[in-house]
Amino acid sequence: MTKIYAEIIGTMILVFLGNGVVANVFLSKTKGHGHGDGGWLTISVGWSLAVFMGILVSYPYSGAHLNPSVTIGLAIIGKFDWILVPYYIISQFIGAMLGSLLVCILYKDHFLETKNEQYKLSVFTTIPSIKNFFSNFLSEVLATFIFIFVSFFLTEKFIVFHETKYSIVELGLGAFSSSLIVLGIGLSLGGTTGYAMNPARDLGPRIIHSIIPIPGKGKSNWNYAFIPVLGPIVGSIIASALYLFFLS
């Protein structure tokens, strides 16, 4: 149960801070809205720091997967028990929903001030710059492939959970490495779909968007929802298969 709670809390922190930076940039009358053209840089840095802090909190207890794509990938390469996979994934979805709910509470007044429906939806989910299902799916596959494949080449003790206590320096270096990967992908590959790379990060908040009564929120764009769910999973499977091929 400790591992499950850690995944819930870590994913909640990840989404609270990650979607929080999007809210700060997109919603009306926030301190971060409408100040220059550095919005995407702000969002990319904010999301990478969200990853860093989510890992710091949860890694000693659960391994800080915080992402079904990571959980599935580690199980494929034999570094995680398949029996625990559904428990981790459910925990990650719960954490993502809680994190998104906290963003709603924190930015409630700014949601009311914002008239643009797409801006409101962007706080919860990824939205493609150009809607083309094939291209959008390929973007999510490739971004997640890079994320998972590069992550596997981190020092062994930072990609899987061990019953070992690490110093804050060791833990910080591992978390920082993961956050740099996310930052690099966001800056380079995130311009097409918003680089979900995490089914829980997108679907959990999309569910919250669909049920929370935000005035003028618009539709939850459910016809696109399968892209940021299936794309990352396919990307993770390909990355895991290639990693195993290199080890053979």
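The values are calculated or read from the model by the stated rules, or taken from the named source; none is laboratory data. Just so we're clear, the structure is a prediction, and the values are computed from it rather than from any experiment. Positions of Cβ are generated from backbone atoms using ideal geometry, with glycine treated the same way; all protein chains shown enter the neighbour counts.
Taken over segment 46-79, the criterion of being farther than 15 Å from Ala175 by Cβ and assigned to a helix (DSSP H, G or I) is satisfied by Gly46, Pro68, Ser69, Thr71, Ile72, Gly73, Leu74, Ala75, Ile76.
Of Ser69, Ser44, all but one fail to be within 30 Å of Ile214 (Cβ to Cβ), of a type in the set (Gly, Ala, Ser) and touching a Pro at 6+ places or on another chain (Cβ under 7 Å); the exception is Ser69. Within segment 198-233, take every residue that is without any contact (Cβ under 8 Å) to a residue 60 or more places away in the chain and under 17 Å from the mean Cα position of the chain (by Cα) and give me the one that is surrounded by the fewest Cβ atoms within 10 Å (Cβ to Cβ). For segment 198-233, the residue satisfying everything is Phe226.
In segment 26-42, the residue that is nearest to Ala175 (Cα to Cα) out of those that are surrounded by fewer than 22 Cβ atoms within 10 Å (Cβ to Cβ) and hydrophobic (A, V, I, L, M, F, W, C) is Leu41. Against the criterion of being at pLDDT 95 or above, under 19 Å from Gly191 (Cα atoms) and of a type in the set (S, T, N, Q), Asn67 does not qualify.
Every residue, every condition in (1) at pLDDT below 95; (2) out of contact with any His (no Cβ under 9 Å at 6 or more places or on another chain); (3) not aromatic (Phe, Trp, Tyr), yes or no:
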site	(1), (2), (3)
Phe93	no, yes, no
Leu98	no, yes, yes
Leu101	no, yes, yes
Asn132	no, yes, yes
Asn136	no, yes, yes
Thr144	no, yes, yes
Phe153	yes, yes, no
Ser167	yes, yes, yes
Pro199	no, yes, yes
